[in-house]
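Please read the structure below before turning to the comments.
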Amino acid sequence: MRLHYVLLLAQVLCTSARAQTGNLRGHVALDDGQPAAYATVGVVGAAAGTSTDAAGDFLLETLPVGTIQLAVNLLGYQSREITAEVLAGQTTEVSPIELVENITELQTVEITGRRETGYRNRVSYSGTKSATPLKDIPQSIGYVTKELALDQAAFRLNDVVKNISGVNQYSFYNDITIRGFRVSGQENSGNLTNGMRSFTSFWKQQLIPHIERVEVIKGPASALFGNASPGGTINRVTKKPLAETRRSVSTTVGSFSTLRTLADFTGKASQDGSLLYRLNLGYENSGSFRDLQYDKNLVVAPSFSFLPNEKTRLNVDLVYQGSEGRLDRGQAVFGNGDLYSVPITKSLNAANDFLREESVNATISLNHQLAKGLSFSSTFLHSTYDEDLQEHRTSNTFAALADGSRDPELVEMRVFIRQRNWTNDNFNNYLNYEVVTGPLEHRILVGHDYFQQKLTPGGSQLQARGYLSADRQSAINTFNADQVDRYALDAGGNPIPNVPHFDLTDPAANQIRDLSRYFYKTDVYPQSKQSSHGIYFQDQVAYKQWQLLLALRREYFTDVLNFGAGGETKVTQSVWLPRVGLVYTLSDHINLYGTYVRGYQPQTASVVNDPNAGGPFDALESRLLEVGAKSEWIDGRLGVTLAVYTLNQAGGLYPANDPGRPDLLRQIGEERSRGAELDVSGRITSNWSIVASYAYTDAEITASDDETEIGRQKPNAPTHAGNLWTKYVISRGSLSGLGLGAGINFVSERLGSLFPANAQPPIFPGYELANLAVYYRVNKFRFQINLNNVFDQTHWVGGYDYIRAFPGSPRAVLTTVSYTF
């Protein structure tokens, strides 16, 4: 009986205790409407706490009855404290809590990962070398996020640039035009990795499975980075570690024997969260719609972030890329210039050609807060690139005949067997200081950076070209019909080529070729060393609705000719590079801006890295004037940028079109690009996303020694280009989890490379492509089907001439299965 009373008393006490406690349930969202996954929610002054789940929801149980303060925290966002009332024995619903991105306390180098999960990006580091809202930067900066790349099943940088206004493909290669000016691989003037100059392949498009977003800084960025391409600079931001656990794997299969497998793992490497990790893996083994073309690619990209305290952050970032395939020099058509005269599938390779490339980027980044408002950042990037090439390619002309004419169905060929290696080192140190002087708020940047690029010993190639000499013991580079007795002739009296011509009508022309039968000469790429360093100052001054950006850089360029070979010669250049920008806040939604930037890019023989190019050359000098507006709508979910600009450059390099020296380049007087651009990105509703762009580009030659070129459209610079992509996901009902995507992109006609006087430049027709996608998410699986070029339109993304045209892909289907755990 006593035991019964004891149990009854215990039950009464427990019931009374429960009556004195209650529960709180709530939802935390980011300011773009996305759920704030894994944010910490705690009771101020107590040990009680929890984390939100992947959907941003949380539940706190057995809290003391009464009024309490909840603290909500998430890395990169402003902390929130709210008052909540706990009712006895009840679960109370807390009003939705919104976290606002903390711009002022974000890392000044991109060490921890971007948390946004949509098409919208609000902050850029590369635009000012500090974490600045895009709307406050007085210059147009386009971008593509990893989410958009995933939805479009994009695997390469060239796949996504169509989403950014004023950016187009130039060729099959890592070769882009921005506002009518070319940005290519193997140049450090237009390619950045995490805001640091890096070396990339020219031949193969850059892979993006490890990339968080692609940014394009429009116009010359010389005031920040020194030698910069006049049209713009492409910055690839790698994925960084996150404090919450995220793991995903995906596999894509589809047209042209496409197989891709990706993996992305991130989270805490230590229990206290001071050490974070991320590992991105990518593998591809794919064919192509082009004959003999294939790609085997491997990407391994580990990254670690060490955050020992609130003031210090250290990141180690490594990216390895290995690639194997063939170098595709484009489509050759009959000499009459009919692009449809030869199938777009036909390449000019031999079956035993190959291209093997390896690159490594290793980065160490440090950010330390020295005092309130004062921080120091230091970043070191070391990169290497190896090229191993064997190819049959054109000599950029048709086969010579005895009478001096050309056979329109036979392409004159040559062979390259080449090996080269480059190493790059980039070291950047600077201070960011935020200070208030009277009514003015300053964000001051002072820094120094150093860059060095070396072409290492052994860079050389064997080249076979031209026509056999009369004794068949050597080869002569070009055929001269007035000296026909110097050449070996076939039964028809025509000169015999050193490398057999490619017959555009022969279905077996891609056969294995015996390279031992050719006569070669050796081209040596002399060791070269290029270095530059700059001291720069920048002040972003805010006064009421006005923000003024003033920047000045002193840059010193040095090229060492005959480096490591004795008799070295140093060529040194220096220049002042200013940048002025002004932003006016017209309303809560709209900022107006204007900017002036000067660009400078040295060009010497060692920069061109080709002994046959004909350098040295004068430096490129450019000037940008730009005005525009940036706005945010629908509670900041949708961003819109409008830009109008004029851009001038002097000293551009173009092919000299010398039949005897096919690699010879020449400089022309001046080029001008002016135009207008519109970019829209973000969400219209929480489940309706959109990206749209349009560019009007009037890019032409305004001064040249060849008067026939003046007024011509710059190569591969379409006057009109645009893109629209939208995705809608059903979130309720029986079709919940089903999503539909649709898009269209169009490009007007373009001219190819410049030709000699009075010659008709090649014209590549405009095109409009439609793309569709279907998505379905169930639990942790997502199924995705992308149908690209729905109407199977034949089109050309760019081209040099009618021997090097670059057709786009016909209709293709890609199916992707992703698993997140």
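The values are calculated or read from the model by the stated rules, or taken from the named source; none is laboratory data. Please read all numbers here as calculations on a predicted model, not as lab measurements. Ideal geometry is used to build each Cβ from the backbone, glycine not excepted, and the neighbour counts take in all protein chains shown. Quick note on the areas: whole protein, heavy atoms, side chains included, nothing else; ligands and nucleic acids left out. Shrake-Rupley method; radii C 1.70, N 1.55, O 1.52, S 1.80 Å.
The shape of the range 179-283 comes out oblate: with a ≥ b ≥ c from the C-alpha gyration tensor, a/c is at least 1.5 while a/b does not beat b/c. The helix-only estimate of mean residue ellipticity at 222 nm for the chain, built from DSSP H runs of length n ≥ 4 each weighted as -39500 (n - 2.57), is -1000 deg cm²/dmol after division by the residue total. Taking the Cα centre of each part, how many Å lie between the range 135-193 and the range 502-526? Answer, in whole Å: 34.
For the range 278-327, the list of GluC sites (Glu not before Pro) that fall in a loop by DSSP and count at most 12 other C-beta atoms within 10 angstrom reads Glu310. Expressed as a whole percent, the accessible surface of the range 193-269 that belongs to carbon and sulfur atoms is 56, based on a 1.4 Å probe.
Extension gain, His720-Val360: 0.36 nm per intervening residue step, less the Cα-Cα distance, totals 125.9 nm. Structure note, pairs Lys311/Lys630; Lys146/Lys296; Lys146/Lys372; Lys162/Lys529; Lys162/Lys630: Cα-Cα distances above 24 angstrom occur for Lys311/Lys630; Lys146/Lys372; Lys162/Lys529.
The simple spin-label model puts a point 7 Å past each Cα toward its Cβ; for Asp338 and Ala269 those points are separated by 6.2 nm. Which of the lysines could a cross-linker span from Lys268 if the Cα-Cα distance has to be under 18 Å and same-chain partners fewer than 8 positions apart are dropped? Partners within reach: Lys239, Lys240. Restriction of the trypsin sites (Lys or Arg not before Pro) in the range 356-431 to DSSP coil positions whose beta-carbon has at most 16 other beta-carbons within 10 angstrom yields Lys372.
Within the range 268-344, the trypsin sites (Lys or Arg not before Pro) that combine a DSSP coil assignment with at most 14 other C-beta atoms in a 10 angstrom radius are Lys311. Looking at the range 677-821, the accessible area is 43 square angstrom per residue; that uses a 1.4 Å probe and ignores ligands, DNA and RNA. For a modelled paramagnetic label at Val100, 7 Å from Cα along Cα-to-Cβ, the residues of the range 419-463 in reach, with backbone nitrogen under 19 Å, are 441-442. When peptides 738-748, 711-721, 471-481 are sorted by average Cβ neighbour count within 10 Å, with the highest value leading, the order is 711-721, 738-748, 471-481.
Over the range 555-597, average the accessible area per residue using a 1.4 Å probe and give it in Å², no decimals.
Value returned for the range 555-597: 50 Å² of accessible area per residue.
Take the convex hull of the alpha carbons in the range 720-793; its mean projected area over all directions comes to 7.1 nm². In plain terms, the chain from Val436 to Tyr543 could stretch by 37.5 nm, reckoned as 0.36 nm per residue minus the Cα-Cα distance. How high is the FRET efficiency between Glu93 and Thr117 when r is their beta carbon distance and R₀ equals 30 Å, given to the nearest 0.05? Here the calculated transfer efficiency is 0.75.
Checking the a/c ratio against 1.5 first, then a/b against b/c, what shape does the Cα gyration tensor give for the range 365-465?
Working: a/c = 6.41, a/b = 2.91, b/c = 2.21.
Prolate, since a/c reaches 1.5 and a/b exceeds b/c.
From the alpha carbon centroid of the range 626-653 to that of the range 331-399 is 28 Å. Measuring from a point 7 Å past the Cα of Tyr819 along Cα-to-C-beta, which residues in the range 217-250 have an amide N at less than 20 Å? The answer is 245-250, whose backbone nitrogens lie closer than 20 Å to the label point.
Evaluate the relative contact order of the range 325-464 (contact order divided by residue number), counting alpha-carbon pairs under 8 angstrom at least 6 apart; express in whole percent. Relative contact order of the range 325-464: 21 percent.
Based on the Cβ-Cβ distance from Leu625 to Thr384, what FRET efficiency comes out when R0 is 35 Å, to the nearest 0.05? All intermediate terms of the calculation are to be shown ahead of the outcome.
Working: r = 39 Å, r/R0 = 1.10.
E between Leu625 and Thr384, to the nearest 0.05, is 0.35.
For Lys296 and Leu550, the FRET efficiency from 1/(1 + (r/R0)^6), where r spans their Cβ atoms and R0 equals 51 Å, is about 0.55. Highest mean packing comes first when the peptides 433-441, 550-558 are listed by Cβ atoms within 10 Å, giving 550-558, 433-441. Dividing the mean sequence gap of close Cα pairs (under 8 Å, 6+ apart) by how many residues the chain holds gives a relative contact order of 10 percent.
Using only Cα atoms and rounding to the nearest 10 degrees, what angle (0 to 90) does helix 2-19 make with the longest principal axis of the chain? Orientation of helix 2-19: about 60 degrees from the principal axis. Of the accessible area of the range 408-447, computed with a 1.4 Å probe over protein heavy atoms only, carbon and sulfur atoms account for 64 percent. Take the alpha carbon atoms of the range 211-288, find their center, do the same for the range 769-796, and report the distance between the two centers in whole angstrom. Here the two parts' Cα centres lie 21 Å apart. On full extension, the segment bounded by Ala770 and Ile512 gains 89.1 nm, given 0.36 nm per residue less the C-alpha separation. In the full protein context, the range 319-425 carries 35 Å² of accessible surface per residue, based on a 1.4 Å probe and ignoring ligands, DNA and RNA. Quick one: of Lys204/Lys521; Lys129/Lys218; Lys346/Lys521, which pairs are farther than 19 Å apart, Cα to Cα? Cα-Cα > 19 Å for Lys204/Lys521; Lys346/Lys521; rest within.
Once the convex hull of all Cα atoms in the chain is built, its volume per residue stands at 184 Å³.
Counting only protein heavy atoms and using a 1.4 Å probe, what share of the accessible area of the range 585-737 belongs to carbon plus sulfur, as a whole percent? Ligands and nucleic acids excluded, carbon and sulfur reach 56 percent. Highest mean packing comes first when the peptides 696-702, 90-96, 682-688 are listed by Cβ atoms within 10 Å, giving 696-702, 682-688, 90-96.
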